[in-house]
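The values are calculated or read from the model by the stated rules, or taken from the named source; none is laboratory data. This structure is a prediction, so every number in the text was calculated from the model and none was measured. Note: ideal-geometry Cβ built from the backbone for every residue, glycine included; neighbour counts use all protein chains shown.
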Amino acid sequence: MRSLRYAAPRWLRPRPLVARLWRERSGATAVEFGFVALPFLALVGACLENGLVAWEQEILQQAVVEAGRQIYTGSFQTSNSGTTDAATLISRFRTAICTQPSGAARVTIFTCANVRVSVTQASSYASASAVSPVATSSSGVSDWNPNFQSYTCGGASTIMVVQAAVDIPVFFPLLGLATASLPNKRRVLQAATVFKIEPYTTQSVCS
């Protein structure tokens, strides 16, 4: 008795099936989009984030310059005359950074209450140098510099270096501006201004 064999249709045979799939072009666009969609959307996100970072940087710089003018004219020293605690002065200057000249709260994208402040003196413009808000440990891990936050009182004709730094999240670390510099995918924004204090009547007694 002859055994019966099942012959698969030609279109189900392996070689014709592979050849048919190879020639098929009806879904090529969807497949190609699937390959390029993720990197394309990531690149778009990185570009948008870089623009947002530049905007935040400009907001912080403007805030530091406007708040620094209070030290430049002596109004900050006069209103805080007799205050000697550095932490209190840092907190009050941070409030000045977070407040517009009109007295309204400054509109920011970053958390203004998290801004770290450094106010130091310099003997000359040539010797004026910024303090890095980030420090790198011996293991190569970067974190906030514990010596960054400080406040040094300045009298008339004193050259001052005023700095501020705040951390923001990084969602698309693909381009240089969005590179994280702190753990947990955080980036540090920095702003600074250097000036010589004008003469003013009431001299601060803080130290």
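Values computed for the structure shown
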| quantity | calculated |
| --- | --- |
| I90 of a type in the set (A, V, I, L, M, F, W, C), in contact (Cβ under 8 Å) with a residue 24 or more places away in the chain and outside any helix (DSSP H, G or I) | no |
| Test result for T73, hydroxyl-bearing (S, T, Y), touching a Leu at 6+ places or on another chain (Cβ under 8 Å), touching a residue at least 60 places away in the same chain (Cβ under 8 Å) and on the phi < 0 side of the Ramachandran plot | no |
| T111 of a type outside the set (A, V, I, L, M), without any contact (Cβ under 8 Å) to a residue 60 or more places away in the chain and surrounded by 16 or more Cβ atoms within 10 Å (Cβ to Cβ) | no |
| Restricting the stretch 122-149 to residues that are exposed (fewer than 15 other Cβ atoms within 10 Å of the Cβ) and either outside any loop (DSSP other than H, G, I, E, B) or under 15 Å from the mean Cα position of the chain (by Cα) (or both), the residue that is modelled with the lowest pLDDT | T136 |
| Residues located in the stretch 100-121, provided they are in a strand (DSSP E or B) and either in contact with a Ser or Thr (Cβ under 6 Å, 6 or more places away or on another chain) or at pLDDT 95 or above (or both) | R116, V117, S118, V119, T120, Q121 |
| Residues satisfying the stated conditions in the stretch 155-181, i.e. modelled with pLDDT under 80 and either among the hydroxyl-bearing types (S, T, Y) or not in a loop (DSSP other than H, G, I, E, B) (or both) | G176, L177, A178, T179, S181 |
